[in-house]
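The values are calculated or read from the model by the stated rules, or taken from the named source; none is laboratory data. No experiment lies behind these values; they were computed from the predicted model shown. Heads up, the Cβs are rebuilt from the backbone with ideal geometry, glycines too, and the neighbour counts pull from every protein chain shown.
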């Protein structure tokens, strides 16, 4: 729907409305004009106020309160058509600490500010007033339903008491989660729900208020509600919501923690068969085998989750990076895989993507005398020079980022309240930025190919090689095959390949350290990024045999059917120290029958891989046959779910180029020709 | 010391207990018509052509180099896995690789062979010192047909089985199934006798597949059209074996 069409249908309102209506329209695939008009009419953008809290209060006054769902024991609703007016970037990618939300009533929060008249406190007070208004309006709306007394009790309870039971706790989480989304916070995670809810669950079971079966039903109901507005919640592709539930994990005193709820959540996710919300399981050598079995049962369905994050590696890396020990043990994620500290960090973890292949392309695109590049070392040196320029540019952009004032998050992220400093101004305990990288494998393979074909075997000289590349390897099928089949390549556990990868990774990281110092910003880097397709389109043919515009390699993966153990060994030897912690995920494609026929051995494999030292791992269980069928006959596969980057989605919701790339990778994984 | 192999395959889940690395040696003393690895029959390196791609099956690898490759996944052997020597007939190389076996044994690496077991007893005896786990094929058991079709000596086979049992080795029997060859009334009855005699508790059966067609073509070998079993036949055989109180797994290889 174009801006002009809306204008033509309805006449002028204002540009912001049109933009927002368009966004909503796009996400919901509205099919007819009536819906377009409806969508536009409902759209409201709360006008700018000097006091952000007042704006939030206005929003709470104006929001539609949805009908109560008689099939659910919870209330959850988002008015997709109303939003705050924002001049700057709204902070995204965080998880508030729901543990605190459960333990603290709204009046306790209010008391922190009533006697102060500084700007920060005024904003917070108005915000809390707004939340109160929303609670009261909601209660009024569902008031007639006698069966919904428990919900009303929970909503009332938010004002003046702690959460007092398992269902009550879940309702409170839902309510604040609703507020987060309603106020425009994308990629917001749910945190460690098995740990947070443990006490409430145990008490209710012990005092016979509910059975384990009741708990399972409540969890199911909870997840259905969280899933409800997933198109609205989606970020760049449908399904990319950042709604991550963290399960399991090490504790600095209690060792590895998991409980009934860990299993119940995995069971529920598996049973519901929704792509969203998704789970991340924090794994460790110390975890029980049966939990890994449970995780694999879920992965086996093809849901793409849980993603496995290796506490034995990650926690210590976070501590070394400067995160306090207690906090490092309480990490989570809220987008794909970038670690955040729950309730304490404003980590803008995926603000920019660094395309690692482009600086290499730059060397060879310009009219440079290639004769001076007579060794691999010289090429690498030149590459690093260009790379440095790129990174410095990103550093500058980071320095110029401005965030919208955020009294909502400031309420729930430490230490904003204590410092009376809004999180947008640096009030959080941890204020980090993260860069994602894409194309490391293409870069490494390109450099290795130049070394092997030009300098070692002298099969081709650099000029000719470059000319062929510039001509997009037209009529060069054999050369492409040779380039792609070089035995020295990314993902192979050869010392020379690993050293080269680490050399470049550490180089980037050192440049970033300087930039961090220069701007007094803490910047992290990682080897995973969603941008492999988009950035691929912007990148010309490369020396790894990739043609113009083809996708770049995915996260840490291997582009042929190498043994899984080989890729893990490779990934485990990458140096994740210092600032190189911003998500480093191995991405596997697995055919369903490998797990089916060897379930216990696959559990062994995952457990032993933890010991081996991978950082993070996700498994996409797909068969090429099924994907090809599903692309041809979408109607036959309405529920086929696949892992995309750090999220899962319905295969049918994906753009064609994502479908094609997944099919191509699945075929390669199965050793079939594409 | 060098030895000729065609491939080292990591993360093998079907070649013995746990997660394994399988080494394929070149050279075999049998000529099974259904052979799935025809590139491993000849003891010599062989050039091949697939489409317009040329290559060589087989390369010599230094034992220390081979050891290094095998140890790459040693972290994954902790769950009972290890290395499997396959081929071809790996026992034919056993003397050549004995030093490697010795070193791997010192490192507590579990070792397994996939063998047709029709080798002279001297070779088998060397293997007894190192190999813990034997995957043994049951092929054609009649003396004449074994000689005629496979070129093997069935007396040697029976004797070697006796040796393995006396040495209390772990043995997994595997039966490749092909109509007119291993699946005949006579052979099935001989197989059942063998299983009964040694009170086997578990056996794996698998249908012959025609996946090796490209490899045959690449070597300019004539591709033998072998007829595998129908599902009905498979089910029948499975029930017969189960009748002896033996667990049967039908493998999809």
**Complete:** Across (1) without any contact (Cβ under 8 Å) to a residue 40 or more places away in the chain; (2) over 34 Å from the mean Cα position of the chain (by Cα), residue A:499 clears everything bar (2)
**Message:** If residue A:594 meets every condition in (1) within 14 Å of chain B (Cβ to nearest Cβ); (2) over 29 Å from residue A:317 (Cβ atoms); (3) touching a strand residue (DSSP E or B) at 6+ places or on another chain (Cβ under 8 Å) apart from one, which number is that one?
**Reply:** (3)
**Fill in**
Among (1) over 16 Å from residue A:498 (Cβ atoms); (2) crowded, with 21+ Cβ neighbours inside 10 Å; (3) within 14 Å of chain B (Cβ to nearest Cβ), residue A:560 falls short only on (2)
**Complete:** Residues in segment A:474-486 that are more than 12 Å from chain B (Cβ to nearest Cβ) and under 36 Å from the mean Cα position of the chain (by Cα) total 4
**Request:** Only residues that are assigned to a loop (DSSP other than H, G, I, E, B) and within 13 Å of another protein chain (Cβ to nearest Cβ): list them for segment B:1-29, please.
**Result:** B:13, B:14, B:15, B:16, B:17, B:18, B:19
**Request:** Would you kindly identify the strands (runs of 3 or more DSSP E) lying entirely within segment B:142-253 that contain at least 3 residues that are more than 14 Å from every other protein chain (Cβ to nearest Cβ), surrounded by 16 or more Cβ atoms within 10 Å (Cβ to Cβ) and touching a residue at least 12 places away in the same chain (Cβ under 8 Å)?
**Result:** B:170-177, B:202-207
**Message:** Looking only at segment B:226-240, how many residues end up being under 18 Å from residue B:33 (Cβ atoms) and in contact with a helix residue (DSSP H, G or I) (Cβ under 8 Å, 6 or more places away or on another chain)?
**Reply:** 1
**Asked** Just for segment A:295-319: of the residues that are at pLDDT 95 or above and within 16 Å of the chain's Cα centre (by Cα), which one is nearest to residue A:270 (Cα to Cα)?
**Response** A:306
**Prompt:** Do you know which of the residues in segment B:48-82 that are touching a strand residue (DSSP E or B) at 6+ places or on another chain (Cβ under 6 Å), more than 13 Å from chain A (Cβ to nearest Cβ) and surrounded by 20 or more Cβ atoms within 10 Å (Cβ to Cβ) is farthest from residue B:222 (Cα to Cα)?
**Reply:** B:58
**Message:** Within segment A:451-461, does at least one residue satisfy the condition of being in a helix (DSSP H, G or I), surrounded by 24 or more Cβ atoms within 10 Å (Cβ to Cβ) and in contact (Cβ under 8 Å) with a residue 12 or more places away in the chain?
**Reply:** no
**Request:** Output the residue which, of all residues in segment A:597-611 that are at the interface with chain B (Cβ under 7 Å from one of its Cβ atoms) and surrounded by 20 or more Cβ atoms within 10 Å (Cβ to Cβ), is nearest to residue B:79 (Cα to Cα).
**Result:** A:604
**Prompt:** Looking at (1) touching a helix residue (DSSP H, G or I) at 6+ places or on another chain (Cβ under 8 Å); (2) part of a helix (DSSP H, G or I); (3) more than 14 Å from chain B (Cβ to nearest Cβ), which is the one condition that is false for residue A:498?
**Reply:** (3)
**Complete:** The correct count of residues that are touching a residue at least 60 places away in the same chain (Cβ under 8 Å) and away from chain B (no Cβ under 11 Å) in segment A:612-628 is 9
**Request:** Can you confirm whether segment A:38-47 contains a residue that is more than 24 Å from residue A:238 (Cα to Cα), crowded, with 16+ Cβ neighbours inside 10 Å and modelled with pLDDT of 75 or more?
**Result:** yes
